[in-house]
1. Consider N352 against the criteria (1) of a type outside the set (D, E); (2) surrounded by fewer than 20 Cβ atoms within 10 Å (Cβ to Cβ); (3) not in a helix (DSSP H, G or I): it satisfies all of them except one. Which criterion is unmet?
2. Would you tally the residues in the stretch 389-433 being within 25 Å of Q63 (Cβ to Cβ) and in a helix (DSSP H, G or I)?
3. Could you check, for the stretch 291-314, whether at least one of its residues is under 25 Å from E129 (Cα atoms), touching a helix residue (DSSP H, G or I) at 6+ places or on another chain (Cβ under 9 Å) and either buried (at least 20 other Cβ atoms within 10 Å of the Cβ) or modelled with pLDDT under 95 (or both)?
4. Any idea which of (1) at pLDDT below 65; (2) buried (at least 21 other Cβ atoms within 10 Å of the Cβ); (3) not polar (S, T, N, Q) is the one V78 doesn't satisfy?
5. Of the residues A410, A431, A375, A398, which is under 28 Å from N65 (Cβ atoms) and in the same structural domain as E338 (by TED's automatic domain parsing)?
6. Could you pull out every one of the helices (runs of 4 or more DSSP H) wholly within the stretch 195-272 that has 3 or more residues that are modelled with pLDDT under 85 and under 26 Å from the mean Cα position of the chain (by Cα)?
7. Is there any pair linking a residue in the stretch 59-84 that is outside the structural domain of A124 (by TED's automatic domain parsing) to one that is among the aromatic types (F, W, Y), with Cβ under 8 Å and at least six apart or on different chains, and which?
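The values are calculated or read from the model by the stated rules, or taken from the named source; none is laboratory data. Just so we're clear, the structure is a prediction, and the values are computed from it rather than from any experiment. Here the Cβ positions follow ideal geometry from the backbone for every residue, glycine too, while neighbour counts run over all protein chains shown.
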Amino acid sequence: MKTFPWKRLKIPILLWFAALLSGAVLGGCTVNPVTGRSELALVNMTSAEEVALGKPAYRQAIQKNGGIFRNSALRVYVDAVGQRLARQSHRPDLPFRFVVVNDSSPNAFALPGGYIAITRGLLANLSNEAELAAVLGHEIGHVTARHSLQGMQRSTLLGATVGILGGLADAAGYGWLADQVGGVAANLIDKRYSREQETESDRLGIDYMVKAGYDPVGAVQLQEYFYRQVENGADPQWLNGLFRSHPFSAERLAANRRYIAAKYPAVSGDGQDAVPFARAIESLTQTRQGYTTFDRARKLEQQKKLDEAIALYHQALLEAPDQPLILTSLGLAYLRREDRVPARRYLIKSVNLQDDYFQSRLALGYIYLQKQQYAKARDHLEAGFNLLATLEGAFMLAEAREHTDDKPGARKLYVAVTKADPSGKLGRSAASRLKQMGRL
């Protein structure tokens with residue numbers, strides 16, 4: 001991830017996407033090859049076009065959800081389960097990707113092009129591989145049925161076309177900074193599925209499970225677990241995670257039981273053995289207590305109890321040593337307390353363990369910027385900004401460029417911040433810097 005996602009989209013792709021959206025507004029239908037239903041032409045994309053749309057949104061989603069959980073064995077395991085299902089799907093041609101993101105909220109999401117993620121919080125709560133297959137199969141169903149694109153076409157019809165096209169068309173000139181406030185990627189990531197779409201994905205996921213040799217009962221076990229969460233009064237993490245985007249009900253559970261009984265009455269398969277699954281997620285089990293403490297520390301920090309939060313972050317590190325996300329949060333907490341020496345120490349350790357998380361890179365860049373070590377600041381700010389473009393990152397990077405004799409690069413970013421935040425503090429500061437540079 002060396003460049004900001006939209007910069008990788010060449011201008012011809014931007015042009016076809018603009019035309020595609022315009023065509024959807026004007027009309028024209030196609031038949032969804034999975035569902036058999038007639039839909040607006042927006043969903044009539046090629047696989048390559050879907051990948052081009054989903055890839056940058058996926059990168060943003062990973063960064064906004066704590067980055068990738070770093071354990072190579074777990075990564076290989078989850079991807080292998082996902083690929084086994086994807087090969088049996090309606091669209092095996094897609095370059096499916098499966099990752100575990102470092103977020104405690106139980107959730108999973110899918111984006112166009114086959115980009116699928118499951119959170120640490122959900123994976124750690126599953127009991128066996130068949131349940132994992134049920135989660136991933138369901139998300140694959142959202143991709144093959146093009147549910148995210150259906151949501152985009154609805155937002156387009158509601159008048160979002162101009163905003164979406166504006167964010168894309170000016171990609172080469174940093175106009176996409178404005179998109180960070182809410183644009184294509186946000187619409188894809190935060191999409192809430194309808195009950196009809198959830199039912200459709202449930203059935204597609206079950207079909208893919210059976211074709212891949214998994215016991216479809218795993219899908220029922222998974223939803224029985226969801227039902228217990230609802231029945232017992234779901235934790236806010238569930239309500240803000242999985243249940244917010246994937247509405248659940250007892251009727252869904254009953255419908256899936258009936259579907260399996262009617263279509264696969266005598267089918268059984270593998271994935272029910274909990275022992276190999278437990279071995280595969282051992283890294284999550286070993287760090288679970290540490291992340292529980294970490295979540296408590298984050299709540300204290302949100303309540304402005306900074307000293308108490310720092311103490312708990314230290315405890316979390318003792319319980320889950322060398323976890324980059326915990327190190328980053330501890331460094332940021334010290335930075336908010338304006339204690340830069342320990343902040344720098346913990347952020348450096350975090351970056352050395354995982355150099356592809358935007359918060360640690362931007363925070364370390366900020367520290368070097370304050371120390372007037374502009375070359376080091378620029379290196380970290382460039383890396384963080386390319387991982388996730390934010391207004392704050394753009395402004396700091398512009399300052400670092402200005403002090404490392406890259407006036408054109410600095411001016412370009414200041415202009416982008418001014419346009420994206422015309423009445424805000426950063427926008428006004430950027431405008432002021434542009435005036436000063438004009439007088440130099």
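1. (3)
2. Selection size over the stretch 389-433: 27.
3. yes
4. (1)
5. Answer to the check: A398.
6. Answer list for the stretch 195-272: 217-231, 236-240, 242-245.
7. Matching pairs, first to second residue: none at all.
One line per residue, one yes/no per condition, for (1) buried (at least 20 other Cβ atoms within 10 Å of the Cβ); (2) at pLDDT 95 or above; (3) aliphatic (A, V, I, L, M); (4) within 30 Å of the chain's Cα centre (by Cα):
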residue	(1), (2), (3), (4)
Y374	no, yes, no, no
D379	no, yes, no, yes
A389	yes, no, yes, yes
T404	no, yes, no, no
K419	no, no, no, yes
S423	no, no, no, yes
A430	yes, yes, yes, yes
